[in-house]
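**Student:** Sharing a structure with you now.
The values are calculated or read from the model by the stated rules, or taken from the named source; none is laboratory data. The shown structure was predicted, so the numbers you read here are calculated from the model rather than taken from an experiment. In this analysis, Cβ positions are derived from the backbone assuming ideal geometry, glycine residues included, and neighbour counts consider all displayed protein chains.
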Amino acid sequence: MNYYYNKTLQNISFDAVIDQVIEALKAEGFGVLTDIDVKATFKKKLDVDFRNYRILGACNPNFAHKAIEAEDKIGVFLPCNVVVQELSNGTIEVAAVDPVASMSAVENESLGSIAEAVRNSLKRIVEGL
């Protein structure tokens, strides 16, 4: 089982893809709770030059509420991460976690439909870019 969905985009800037991803997340009811700029962090903490790489921690409050009500420790899997990175050939890749894969270790049947709904939303976002 793959643990993510991804799409590669050409002829578009990294920043434009970030904007598109954030808007697509909003359209599906997600907000971005965290935005980790890996390139800047590696430069600051390690003095290492790295490619453009951002991790967006996305959360849909309705899905999160349902998941936490069903399983109080499920917060260890939240938020849903979406990675935007610039590849060596100049293309931009967007990858989103597959929550069904990440939650498969949790033995709680009521989470299945919630994880499936989140999966469908994230898949629509990635495929729609």
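**Student:** What single numbered condition from (1) at pLDDT 95 or above; (2) among the hydroxyl-bearing types (Ser, Thr, Tyr); (3) farther than 22 Å from residue 6 by Cα fails to hold for residue 53?
**Tutor:** All conditions pass for residue 53, except number (3).
**Student:** Select from region 86-127 the residues that are in contact with a Leu (Cβ under 8 Å, 6 or more places away or on another chain) and under 17 Å from residue 54 (Cβ atoms) and list them in ascending order.
**Tutor:** 91, 92, 93, 94, 96, 97, 125
**Student:** Go through region 81-92 and report how many residues are outside any strand (DSSP E or B) and buried (at least 18 other Cβ atoms within 10 Å of the Cβ).
**Tutor:** Total meeting the criteria: 0.
**Student:** For residue 32, all conditions in the list (1) over 20 Å from residue 128 (Cβ atoms); (2) touching a residue at least 12 places away in the same chain (Cβ under 8 Å); (3) not in a helix (DSSP H, G or I) hold save one; what is the number of the exception?
**Tutor:** The number of the failed condition is (1).
**Student:** Among the candidates 111, 87, single out the residue that is touching a helix residue (DSSP H, G or I) at 6+ places or on another chain (Cβ under 7 Å) and hydrophobic (A, V, I, L, M, F, W, C).
**Tutor:** Of 111, 87, the one residue that is touching a helix residue (DSSP H, G or I) at 6+ places or on another chain (Cβ under 7 Å) and hydrophobic (A, V, I, L, M, F, W, C) is 111.
**Student:** Consider region 93-129. How many of its residues are more than 15 Å from residue 71 (Cα to Cα), in a helix (DSSP H, G or I) and of a type outside the set (Val, Ile, Thr)?
**Tutor:** 10
**Student:** Sticking with this structure for a sec: So how many residues does region 35-80 have that are within 17 Å of the chain's Cα centre (by Cα), within 18 Å of residue 101 (Cβ to Cβ) and assigned to a loop (DSSP other than H, G, I, E, B)?
**Tutor:** 3
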